[in-house]
């Protein structure tokens, strides 16, 4: 008699304890990075007699004071818009570096041995990636 009552009680116990209502919460995916593409024509390069390098200024309004102080900026260059190389880099015998300030990014080029060379004679494609970040206090 006890075994006849035990089996239905076990079944009821399993039935009521094994099912649980779960709420699925969709999380919003935020893409904080921003990518800006530039064509740097051969006529954009200017000579700086102090550093003995050629530079091209890329105006970037997105580099505001907050981005300048807290975020990361990555730059890639290409000659064909297919293969991009991260800079600083030696690209076709020329050393490319960059610096930035609020509102502008500067590409600089000089010979791989530090010598002054002619600026690129064809268009260089630049990809600037702004990596937003929050400072840790």
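Kindly indicate the residue of the range 42-61 that is under 23 Å from the mean Cα position of the chain (by Cα) and exposed (fewer than 13 other Cβ atoms within 10 Å of the Cβ) and also nearest to residue 130 (Cα to Cα) among those meeting that condition. Ranking the qualifying residues of the range 42-61, first place goes to 61.
Is it true that residue 137 is touching a residue at least 12 places away in the same chain (Cβ under 8 Å) and assigned to a loop (DSSP other than H, G, I, E, B)? If you could, list the steps in order and put the result at the bottom.
Values: touching a residue at least 12 places away in the same chain (Cβ under 8 Å): no; assigned to a loop (DSSP other than H, G, I, E, B): yes.
Against the criterion (touching a residue at least 12 places away in the same chain (Cβ under 8 Å) and assigned to a loop (DSSP other than H, G, I, E, B)), residue 137 does not qualify.
Please go through the range 107-122 and pick out each residue that is in contact with a strand residue (DSSP E or B) (Cβ under 7 Å, 6 or more places away or on another chain), surrounded by fewer than 16 Cβ atoms within 10 Å (Cβ to Cβ) and at pLDDT 90 or above. Within the range 107-122, no residue meets the criteria.
Number of residues in the range 76-103 that are within 17 Å of residue 41 (Cβ to Cβ), in contact with a strand residue (DSSP E or B) (Cβ under 9 Å, 6 or more places away or on another chain) and either touching a residue at least 40 places away in the same chain (Cβ under 8 Å) or in a loop (DSSP other than H, G, I, E, B) (or both): the value is 5.
Take the residues in the range 62-75 that are farther than 10 Å from residue 101 by Cα and surrounded by 17 or more Cβ atoms within 10 Å (Cβ to Cβ), then tell me which one is modelled with the lowest pLDDT. Even if it seems obvious, please write down each step before you answer.
Applying the first criterion (farther than 10 Å from residue 101 by Cα) to the range 62-75 yields 62, 66, 70-75.
Then keep just the ones that are surrounded by 17 or more Cβ atoms within 10 Å (Cβ to Cβ); that gives 71, 73, 75.
Numbers: 71: 92, 73: 97, 75: 98.
Looking at the filtered set, the residue picked out is 71.
The values are calculated or read from the model by the stated rules, or taken from the named source; none is laboratory data. Not measured: the values here are computed from a predicted model. Glycine also receives a Cβ, built like all others from the backbone with ideal geometry; neighbour counts cover every protein chain displayed.
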